[in-house]
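Any read-out appearing in this document is the output of simple, stated calculations on the displayed coordinates, not a laboratory observation. All of these numbers come straight from a predicted model, not from anything done at the bench.
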Amino acid sequence: MGNEFVKLNEINMLFSEGTAALREVSLSFSGNAFTAVIGPSGSGKSTLMRLINGLLRPTSGQVFVGDMEIARAPERLVRQTRRRIGMVFQQFNLVRRLTALENVLVGRLGELDPLRSTLR
């Protein structure tokens, strides 16, 4: 796979109500780069990120993170892989009493001892 960390091959995402969120998307991201996905509301950015994180499974196509095809991987491996991908949701999943940095770091709680994470 070379230097590619994420690779998508001909991804299609069709939701049950008939909305086609992504059509024939193929792209790759380097593991050595910072990548931003931008576009207008409804263009499929969040769907794309959820596919990469394994929160959604594509209707068709392949999503690779490293050498693993995330859509077909066991959930345990998908959870481990998510730890290597940073994603901040646009509007929800933020804890108001936490700072912006603390909200971002919440994604790393799985790496800490439960007692230490409880005591902050």
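List of remarks:
- The stretch 25-62 versus the stretch 64-87: alpha-carbon centroid distance in Å: 13
- Taking amide hydrogens as placed 1.01 Å from N in the peptide plane, the amide H of LEU22 sits under 5 Å from those of MET13, each at least 5 positions away in sequence or on another chain.
- Its Cα gyration tensor gives the stretch 4-85 an equivalent ellipsoid. The semi-axes, each the square root of 5 times an eigenvalue, are 20, 16, 11 Å from largest down.
- Here the Karplus curve 6.51 cos²θ - 1.76 cosθ + 1.60, taken at θ = phi - 60°, turns the phi angles of the stretch 57-62 into couplings of 10, x, 5, 7, x, 10 Hz, with x standing for Gly and Pro.
- The HN-Hα couplings worked out from phi for the stretch 20-31 by the Karplus form 6.51 cos²θ - 1.76 cosθ + 1.60 (θ = phi - 60°) are 8, 7, 9, 10, 6, 8, 10, 6, 9, 10, 6, x Hz, whole numbers, x standing for Gly and Pro.
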